[in-house]
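Here's the structure we're looking at; comments come further down.
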2 protein chains.
Amino acid sequence: MENFSEWFHDILDKGNIIDSRYPIKGMSVWLPYGFQIRRYTLELLKELFDRDHEEVLFPLLVPEDELAKEGIHVKGFEEEVYWVTKGGNKELNKKLALRPTSETAIYPMFSLWIRSHIDLPLKYYQIVNTFRYETKHTRPLIRVREISTFKEAHTAHATKEECKKQVEKAVELYKEFFDYLGIPYILSKRPEWDKFPGADYTMAFDTLLPDGKTLQIGTVHNLDQTFAKTFDITFENENGEHEYIYQSCYGLSDRIIASIIGIHGNEKGLVLPPVVSPKHVTIIPILFKDTREKVLERCESIKKELESAGIRVDIDDRDIRPGKKFYDWELKGTPLRLEIGPKDLENNKTFITRRDNLEKNEYPLDDNLIENIKEIISQITKDMSSKAFKDLKDAIVYCENIEKIPELIKNKKIVVFSWDGKNSSGEAIEEETGYDILGIHKELDENSNDKCIYSGEKAKYLALIAKTY
Amino acid sequence: MENFSEWFHDILDKGNIIDSRYPIKGMSVWLPYGFQIRRYTLELLKELFDRDHEEVLFPLLVPEDELAKEGIHVKGFEEEVYWVTKGGNKELNKKLALRPTSETAIYPMFSLWIRSHIDLPLKYYQIVNTFRYETKHTRPLIRVREISTFKEAHTAHATKEECKKQVEKAVELYKEFFDYLGIPYILSKRPEWDKFPGADYTMAFDTLLPDGKTLQIGTVHNLDQTFAKTFDITFENENGEHEYIYQSCYGLSDRIIASIIGIHGNEKGLVLPPVVSPKHVTIIPILFKDTREKVLERCESIKKELESAGIRVDIDDRDIRPGKKFYDWELKGTPLRLEIGPKDLENNKTFITRRDNLEKNEYPLDDNLIENIKEIISQITKDMSSKAFKDLKDAIVYCENIEKIPELIKNKKIVVFSWDGKNSSGEAIEEETGYDILGIHKELDENSNDKCIYSGEKAKYLALIAKTY
């Protein structure tokens, strides 16, 4: 793909994903096919969350005074908040913010709900639209003014230890989610100057798009007691004493869909991970006058059979030549194509083509068809994931010389370097290279002899630097 | 239920449905149990819509100039629109409305998408939050400032005839939806002065809450070509000529959940229609020291068995006395309760209690259990619906004397009266009685001798009048 940005905009349009011609910059319409992908993506995530979270739904609007309570937090967002100031023709007494994220909407209610240690832990999530008045150049699904699919979880705990564990659990949950989608990631602890406003620390997942830029696709924040103190959220412990709770929160955005599309797609169109593909199988009947009815009947019966096993199937019986159907199927990224013509019925066989690698193989049209298809689908999931992870791994290189970093990044690399962990060095590295530090990838061993790429002093961490979205 | 309003607020709280203490008037938080009811309600509706509609998602914000384009429409909403005027600290060049409904967000895109007759019919729906700056007294789920679950469909057609048919189809779809929920309805054509702003005509569903007030729960609008002309939505017909499309739209709100709760509930708590109940069955193990493990094991195996048949099951194994569990189960409104104790295991029997009528019967713990439970669930659905429809039917009375209307309505009746169909008579009837005309219930036969209750002239319609929410 020569020009990723052009390809991406093109596929959003041709693939019936998003229409960005909506008359407000940075806000787009989800089209039917895109909406289906979004629906299955959410279903997968809900399944993971529902294991031990409860789903709730908070109002969109946040009163000015609640938003302003947590000083560091509001500072991080104040430039980006949309304000409702009028109702009808009247000025409102109190401005209302469109949530940029929901901490300040949710935590005042936590302080009403949480009374005792038996109310803890509490783990809620919601899927909502959030808003950022972006001044930078917007891009559909990547940098938007209405995040239409913000998935945010908020947890409350009795102890610091348990809260830290929850951060780890959330990281594991996100890994599982990304693995199903074949989205490769690199995890890092964001540097101090780039953590979530109000958080103790932020763990972040970045992926790599084909243009060599990293994209932040998920974050997990340990809020410790900062918000609990601001919003006065206390509980009575087993000894009858009142303590502040510990909190974590974690979120994902529309960028999940951007990654699914951007990482797996190719010149022929979308390549969808089976779990979120609106259809798993497109059956393409090869139609001739004499045998038309017979072939279509068989296609219908195969469809029903596969559907009864939970496989999502479409028959493309349009009156156009098969070549055009193949083209459309490739564009839509459905994992499998089955061709069924009169000869196949005679031989009781079908050709199955995989969208990810375009491999085409013959399979018997017998009782094993369901199992064979399930097997191929599961293989596709694995192969898409390992291919994508390999691409990411190949892009990560260690570098000892700060002067070489810009060249490497221009060649679409993510650079690992040794860092003394000081803010001053970090900021100097960013300034000298012109790129952003993603964060701390690994802590170095006490006995390591690594020297900081900038200061030459003993390094504490392996850190990541890249060109970011 | 002596005081419905008090009961309703109480059950929203105790039932873990909604918390209305959120610090903005008319905006509430969906709590976990309420959210589950909402989720299953939406799943049911999506299933019905997905038969021949496609789901999409439009941005929340509507630019001022688009909202203002359709004059009659904007006049109907201008007092109620929330306006975003600031982004960060900057005044926006163009004010942005929080959608009060989405016609003006969607139709500019229709004019881009619809080109030819082959693009028609087009049937889209979305489920979104919408906003009304209500100046009247707000009530959770009934009169709110953020409608958190607005389900709106928008269709486009090549002919007037087909559009009219779609209105009828939408009415049928809504009837089917209400029937599953056991929500009784009365259908009427809204009078001219109460139709949707911009519509040719509006068909509306009203239900009756226990306090004798009717609640509008669904509307279907024939927009004819009004919006098509405003937003310049044309298509090329088969003869190559450009014509305006015909449009319909129809919507449902959070009031669906208000009706489910208000109509079926009683002093003991919620009574949920099986289709939307988070659980269908609560198993209550009767636990004694010796047999505890054995009983719990059996409960688990029954749970698994039922779940494999698509029945949603909960085991209440808390260490509290069964009486308290019964109380909670009744409050939550789960359709069925199964009691299983050591004696039941010996006799291979269980007592099943229905929440709707509290009937308790013994059933064998054998292979027929699944079928028996499915049968009871289906019976409960039917019984809840017929009871509710009977209550509504009993409340509808015909009245020939305008002076008697207020007394009847005070006694929680919906009054049917004969009407000449003139706006002037209609408005006079509303003024004289102090109540609202819902609309035209039936057209009278040409040969009917009915006289208008107000003018004494030949009546054209049977119309409905009631105390409305």
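Quick note: the coordinates plus some simple rules give every number you see, no bench work behind them. No experiment lies behind these values; they were computed from the predicted model shown. Here Cβ is always computed from backbone atoms with ideal geometry, including for glycine, and neighbour counts include all displayed protein chains.
Quick check on the exposure proxy: order B:185, B:398 from fewest to most C-beta atoms within 10 angstrom.
Final ranking by Cβ density, sparse to dense: B:398, B:185.
Mind checking the angle between helix A:32-50 and chain A's longest principal axis? C-alpha axes, 0 to 90 degrees, to the nearest 10.
Roughly 60 degrees, rounded to the nearest 10.
Once the label point is set 7 Å along the Cα-to-beta-carbon vector, what list of distances in nm do you get between residue B:363 and its counterparts in the other copies?
Shortest to longest, the spacings are 3.9 nm.
Would you work out the relative contact order for the range B:396-468, in percent, from Cα pairs under 8 angstrom that are 6 or more residues apart?
Rounded, it is 39 percent for the range B:396-468.
In nm, what does the list of distances from residue B:175 to its counterparts in the other copies look like, shortest first, when each label sits 7 Å along Cα to Cβ?
With the label placed 7 Å along Cα→Cβ, residue B:175 yields 5.6 nm.
Below 8 Å between Cα atoms, with a sequence gap of 6+, how large is the relative contact order for the range B:281-376 in percent?
The value is 30 percent.
Relative to the first principal axis of the alpha-carbon coordinates of chain A, what is the inclination of helix A:292-308, with its axis defined by its Cα atoms, in degrees from 0 to 90 and to the nearest 10?
Orientation of helix A:292-308: about 30 degrees from the principal axis.
I'd like to compare B:246-252, B:161-167: which one has the highest average count of other Cβ atoms within 10 Å, and what's the full order after that?
Packing proxy ranking, top to bottom: B:246-252, B:161-167.
With N denoting the number of residues in the range B:281-376, provide Rg(C-alpha) divided by 2.2 N^0.38 Å, to two decimal places.
For the range B:281-376, the normalised Cα radius of gyration is 0.99.
Hey, got the average number of other protein chain Cβ atoms within 10 angstrom for residues in B:112-122?
What the average comes to for B:112-122 is 1.
Applying a 10 Å radius around every beta-carbon, put B:31-38, B:384-391 in order of their mean neighbour count, most first.
By packing density, highest mean first, the sequence is B:31-38, B:384-391.
For chain A, give me the percentage of DSSP beta bridges that are antiparallel, rounded to the nearest 5 percent.
Once the DSSP bridges in chain A are tallied, antiparallel ones form about 80 percent.
5 Å is the cut-off here: which amide hydrogens, built 1.01 Å from N in the peptide plane, fall below it relative to residue A:224, excluding neighbours closer than 5 in sequence?
A:200, A:247
Holding the Cα-Cα limit at 25 Å, pick out from A:123/B:279; A:151/B:175; A:164/A:404 the pairs that are longer than that.
Going by Cα-Cα distance, A:151/B:175; A:164/A:404 fall outside the 25 Å limit.
What Kirkwood Rh does the range B:1-147 have if only Cα atoms enter the pairwise 1/r average? Answer in Å.
After inverting the pairwise mean of 1/r, the radius is 18.0 Å.
Where does helix B:423-433 land angle-wise versus the long Cα axis of chain B, in degrees 0 to 90, nearest 10?
50
Run through every distinct alpha carbon pair of the protein assembly as shown and return the Kirkwood hydrodynamic radius in angstroms, one decimal place.
Computed over the protein assembly as shown, the radius equals 31.0 Å.
Within 10 Å of each Cβ of A:74-87, how many other protein chain Cβ atoms are there on average?
5
Counting only DSSP beta bridges with both residues in the protein assembly as shown, tell me the antiparallel percent, nearest 5.
Roughly 80 percent of the DSSP beta bridges within the protein assembly as shown come out antiparallel.
Starting at the first residue of the range A:65-75, write each ³J(HN,Hα) from the Karplus equation 6.51 cos²θ - 1.76 cosθ + 1.60 with θ = phi - 60°, in whole Hz, x for Gly and Pro.
5, 5, 4, 7, 4, 8, x, 5, 4, 5, 4
For the range A:4-264, I need the span (max minus min coordinate) of the C-alpha atoms along each principal axis, in Å, sorted largest to smallest.
Cα spread of the range A:4-264 along its principal axes, largest to smallest: 62, 50, 33 Å.
Quickly estimate the mean residue ellipticity at 222 nm for chain A, helices only: each DSSP H run with n ≥ 4 gives -39500 (n - 2.57), and the total goes over all residues, rounded to 500.
After summing the helix terms and dividing by the residues of chain A, the value is -11000 deg cm²/dmol.
Hey, what does the equivalent ellipsoid look like for chain A, semi-axes from the Cα gyration tensor as sqrt of 5 times each eigenvalue, largest first, whole Å?
44, 28, 22
Select from the range A:277-382 those trypsin sites (Lys or Arg not before Pro) which occupy a DSSP coil region and have at most 14 other Cβ atoms within 10 Å, ordered by residue number.
Within the range A:277-382, the qualifying trypsin sites (Lys or Arg not before Pro) (loop, at most 14 other Cβ atoms within 10 Å) are A:289, A:318.
Across the residues of B:26-32, average count of Cβ atoms on other protein chains within 10 Å?
For peptide B:26-32, the averaged partner shielding equals 6.
Contact order normalised by length for chain B, with contacts defined as Cα pairs under 8 Å and 6 or more residues apart; what percent is it?
Relative contact order of chain B: 14 percent.
What pairs in B:160/B:229; A:189/A:460; A:213/A:390; B:289/B:349; B:46/B:169; B:349/B:387 have C-alpha atoms more than 18 Å from each other?
B:289/B:349; B:349/B:387
What fraction of the Cα pairs in the range B:341-404, stated in percent, has a spacing above 19 angstrom?
53
For residue B:443, which inter-copy label distances result when the label point lies 7 Å beyond Cα on the Cα-to-Cβ vector, reported in nm to one decimal and in ascending order?
8.0
For the range A:1-33, which trypsin sites (Lys or Arg not before Pro) pass both filters: DSSP loop (anything but H, G, I, E, B) and at most 15 other C-beta atoms within 10 Å?
Counting only loop positions with at most 15 other Cβ atoms within 10 Å, the trypsin sites (Lys or Arg not before Pro) in the range A:1-33 are A:21, A:25.
In whole Å, what are the extents of the range A:93-201 along the principal axes defined by its C-alpha atoms, from largest to smallest?
That works out to 47, 46, 28 Å along the principal axes.
Give the whole-number value, in cubic angstrom per residue, of the convex hull volume spanned by the C-alpha atoms of the range A:120-258.
Looking at the range A:120-258, the number lands at 123 Å³ per residue.
Setting aside same-chain residues fewer than 8 positions from residue A:14, which lysines have a Cα under 17 Å from its Cα?
Once the sequence-local lysines are set aside, what remains near residue A:14 is A:268, A:324, A:325, A:332.
Show me the GluC sites (Glu not before Pro) within the range A:320-426 that DSSP assigns to loop and that have at most 16 other Cβ atoms within 10 Å of their Cβ.
Those satisfying the criteria are A:359, A:400.
Count charges around residue A:343 for me, please; just the other residues with Cβ under 13 Å from its Cβ, Lys/Arg as +1, Asp/Glu as -1.
-2
Return P(r) of the range B:396-468 (all Cα-Cα pairs; 10 Å bins starting at 0; whole %; ordered from short to long distances).
23, 59, 17, 1
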